[in-house]
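Just so you know, all these numbers are worked out from the coordinates, no wet-lab data involved. Fair warning: this is a prediction, and the values are worked out from it, not measured in the lab. Ideal geometry is used to build each Cβ from the backbone, glycine not excepted, and the neighbour counts take in all protein chains shown.
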Amino acid sequence: MILIVGGEGAGKRSFAETLGYTEKDIADAAIDGRPVVYHLERLVFAQPEQADALLERLLEKEVVICCEVGSGIIPVDRSERLGREATGRLCVRLAQRAQAVVRLVCGIPTVIKGELPGKR
Amino acid sequence: MPDSEMILLTGGSACGKSSYAEELCLSLPFPRYYIAAMRPFGDGSEEKIARHRRLRRGKGFETIERYTDLQGLVLPERGTVLLECICNLTANEMFDENGAWTDPYETVVAGVETLRRQSGTLLVITNEVGADSRAYDPGTRAYMDAIGRINQRLARQADVICELVCGIPLVRKGRLPHDSDRRR
């Protein structure tokens, strides 16, 4: 599994496309038969307490894409705060077991762990 | 002043800063002091404190709760010191109980310097508070600005700066302790 992280609009999805994935491969905030999960943070925010239960299913994916949501002021709203923390912690656990972790900044990918496989 | 080293750790919430800082401390000498700046009330802080306590258990830390005035803190001995975190300390130094605020820059910077003088290695945890898009009130904006300035100042003084992303340390300045040994 390759984990791709970065801020909103940082170029995560475009980067996944350079790996050979197309529209039909990408599941938006859903875990189904498709090999790429996009907007993992939305799945986590929907049920922060259930985030741990997603781990194993996500590890079976080829690519997991998640927005970095931990920066900025800690939200006053409890569920928002829990969502943010659960997203961060889940990403730490995914990164520990990922084959590669890529972080996008201004569209520029940096491999921060492991090595990318060749294009599929 | 005897040789001391300062390591600044930054990153968003739940990016693995605390775990990584604690792991670094395990290879550094005793005594190990954990300076807790988070006041134990409001905004889920009780849960957070309980979680951090659980994670620190068995790692040989002596916890010192200190919400303000690090300049007045005298540690029993020189040792490894982990300060968590600049965001709480800054809020505590900045706002009074009525929400009025004063610039905490000098107080926070001097407080960290006081800790450093008493440390073999000082690890300081901060956060990327400025990367946020909401329209906040002037006090919160001043708080974000203060932390940004404090982070820059601490970064100039730090020997090592490490950004944590998904638990992965990205070294932005200097070299982590024992890094050369690890590579060998």
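Computing Rg and the Kirkwood Rh from the Cα coordinates of the protein assembly as shown gives a ratio, Rg/Rh, of 0.98.
Here are some pairs, B:Lys17/B:Lys173; A:Lys24/A:Lys113; A:Lys12/B:Lys17; B:Lys17/B:Lys59; A:Lys12/A:Lys113; which of them have Cα atoms lying more than 18 Å apart in this structure?
Values: B:Lys17/B:Lys173 16 Å; A:Lys24/A:Lys113 27 Å; A:Lys12/B:Lys17 23 Å; B:Lys17/B:Lys59 16 Å; A:Lys12/A:Lys113 16 Å.
Exceeds cut-off: A:Lys24/A:Lys113; A:Lys12/B:Lys17.
Can you give the FRET efficiency to the nearest 0.05 for A:Ile108 and A:Arg42, using r as the Cβ-Cβ distance and R₀ = 30 Å?
On the way: r = 24 Å, r/R0 = 0.81.
The formula returns an efficiency of 0.80 here.
Amide H contacts of A:Lys113 (H built 1.01 Å from N, in plane; Pro and chain starts excluded): A:Val101 sit under 5 Å, all sequence-distant by 5 or more or on other chains. Rounded to the nearest 500, the 222 nm mean residue ellipticity of the protein assembly as shown from helices alone is -11000 deg cm²/dmol, with -39,500 (n - 2.57) taken per DSSP H run of at least 4 residues. Among the residues of A:64-73, the average count of other protein chain beta-carbon atoms within 10 Å of the residue beta-carbon is 6.
Each of B:Gly174, B:Tyr143, B:Thr107 was placed along the dipole of chain B (beta-carbon charges, centred on the mean Cα), and the one lying farthest toward the positive end is B:Gly174. Dividing the convex hull volume of the alpha carbon atoms of the range A:2-113 by its residue count gives 93 Å³ per residue. Counting Cβ atoms of other protein chains within 10 Å of each residue's Cβ and taking the mean over peptide A:80-89 gives 4.
Filter the GluC sites (Glu not before Pro) in the range A:1-98 down to the DSSP loop ones having no more than 12 other Cβ atoms within 10 Å, then list what survives. Working shown, then result.
Working: sites: A:Glu8, A:Glu17, A:Glu23, A:Glu41, A:Glu49, A:Glu56, A:Glu60, A:Glu62, A:Glu68, A:Glu80, A:Glu85; in loops: A:Glu8, A:Glu60, A:Glu62, A:Glu68.
Those satisfying the criteria are A:Glu8, A:Glu60.
Where a ≥ b ≥ c are the square roots of the eigenvalues of the C-alpha gyration tensor, would you call the range B:59-184 rounded, which needs a/c under 1.5, or, failing that, prolate if a/b is larger than b/c, or oblate? Oblate, since a/c reaches 1.5 and b/c is not below a/b.
According to the Cα-based calculation, Rg over Rh for the range B:1-117 is 0.95, with Rh computed by the Kirkwood formula. Where does helix B:138-157 land angle-wise versus the long Cα axis of chain B, in degrees 0 to 90, nearest 10? For B:138-157 against chain B, the angle is about 20 degrees.
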